Amino acid sequence: MASAIYSSKKAAPLSRKTHVPWAGIFFFLLASFNCQFVLADIYRFVDKNGVVHFSNVPTDPRYRLYISGGGRNKNHEYARYKDVIREMSTRYKVDEDLIRAVIKAESDFDPSVVSHRGARGLMQLMPETALDMNVKNVFDPRENIEGGVKYLRRLLNMFDNDLPLTLAAYNAGENIVKEHGCQIPPYRETHVYIKKVLRYLQDYKRTKQ
């Protein structure tokens with residue numbers, strides 16, 4: 001997956017009037033040339049030193065959506081799997097919003113995605129995990145979701161329903177967590193992943209209120 005991250009120092013505060021015309025011109029030009037590609041969502045955050053960060057693949061929990069790329073409708077994507085998520089939530093007694101948050105963080109609801117490490121499908125199951133969870137076709141959304149939820153249930157039981165530890169194990173592997181004395185391993189990717197899932201979970205809970 002292609003990724004782009006840009007940073008720039010803020011020389012002086014910029015008003016909305018400074019930002020909006022450029023964005024308008026940008027999209028006007030794209031429309032004028034009748035571009036046939038789909039734009040990625042652009043995320044942004046400003047750090048404590050005033051550096052503005054942009055990315056189309058946010059890896060820091062401080063990123064927030066800045067410009068929508070107009071690609072897939074994420075609410076529609078979720079709606080396609082809502083019934084299966086709800087069914088597996090009930091069957092394995094795993095929070096429905098947690099399942100949704102993990103899928104969002106893992107694959108952004110793309111059932112065909114394959115990571116550089118070989119994780120596959122909506123819940124990014126590694127081949128050995130899929131085999132252990134009796135998943136025959138890892139690209140079948142229903143099978144993948146059930147396998148992922150079964151694995152989440154096992155990890156929740158293993159780590160006494162400690163959610164950060166469960167997510168750490170889902171990301172880095174249960175044996176890695178055990179090797180670190182049942183503590184979150186000191187891997188930046190894992191810490192970012194936990195924060196991302198918990199942020200999505202909080203957002204989904206908030207929208208229900």
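The values are calculated or read from the model by the stated rules, or taken from the named source; none is laboratory data. Predicted, not measured: the structure shown is a model, and the values here were computed from it. Note that we place each Cβ from the backbone using ideal geometry, even for glycine, and neighbour counts take in every protein chain shown.
Return yes when residue 187 is surrounded by fewer than 16 Cβ atoms within 10 Å (Cβ to Cβ), on the phi < 0 side of the Ramachandran plot and in contact with a helix residue (DSSP H, G or I) (Cβ under 9 Å, 6 or more places away or on another chain) and no when it is not.
For residue 187, the condition - surrounded by fewer than 16 Cβ atoms within 10 Å (Cβ to Cβ), on the phi < 0 side of the Ramachandran plot and in contact with a helix residue (DSSP H, G or I) (Cβ under 9 Å, 6 or more places away or on another chain) - is met.
One line per residue, one yes/no per condition, for (1) touching a residue at least 12 places away in the same chain (Cβ under 8 Å); (2) not hydroxyl-bearing (Ser, Thr, Tyr):
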{"site": "135", "(1), (2)": "yes, yes"}
{"site": "138", "(1), (2)": "yes, yes"}
{"site": "146", "(1), (2)": "yes, yes"}
{"site": "158", "(1), (2)": "yes, yes"}
{"site": "166", "(1), (2)": "yes, no"}
{"site": "173", "(1), (2)": "no, yes"}
{"site": "189", "(1), (2)": "yes, yes"}
{"site": "192", "(1), (2)": "yes, yes"}
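Hey, could you check the stretch 39-55 for residues that are in a loop (DSSP other than H, G, I, E, B) and modelled with pLDDT under 75 and say which is farthest from residue 188 (Cα to Cα)? Among residues in the stretch 39-55 that are in a loop (DSSP other than H, G, I, E, B) and modelled with pLDDT under 75, the one farthest from residue 188 (Cα to Cα) is 39. Among the residues of the stretch 118-127, those identified as in a loop (DSSP other than H, G, I, E, B) and either in contact (Cβ under 8 Å) with a residue 12 or more places away in the chain or among the acidic types (Asp, Glu) (or both) are 119, 121, 122, 123, 124. Output the residue which, of all residues in the stretch 120-152 that are small (Gly, Ala, Ser) and farther than 20 Å from residue 165 by Cα, is surrounded by the fewest Cβ atoms within 10 Å (Cβ to Cβ). Per the stated criteria, the residue is 130. Among the residues here, residue 130 does not qualify as within 29 Å of residue 181 (Cα to Cα), touching a residue at least 24 places away in the same chain (Cβ under 8 Å), in contact with a Lys or Arg (Cβ under 8 Å, 6 or more places away or on another chain) and among the small types (Gly, Ala, Ser). Is there a residue being surrounded by 12 or more Cβ atoms within 10 Å (Cβ to Cβ), of a type in the set (Phe, Trp, Tyr) and in a helix (DSSP H, G or I) anywhere in the stretch 168-180? Looking through the stretch 168-180, at least one residue is surrounded by 12 or more Cβ atoms within 10 Å (Cβ to Cβ), of a type in the set (Phe, Trp, Tyr) and in a helix (DSSP H, G or I).
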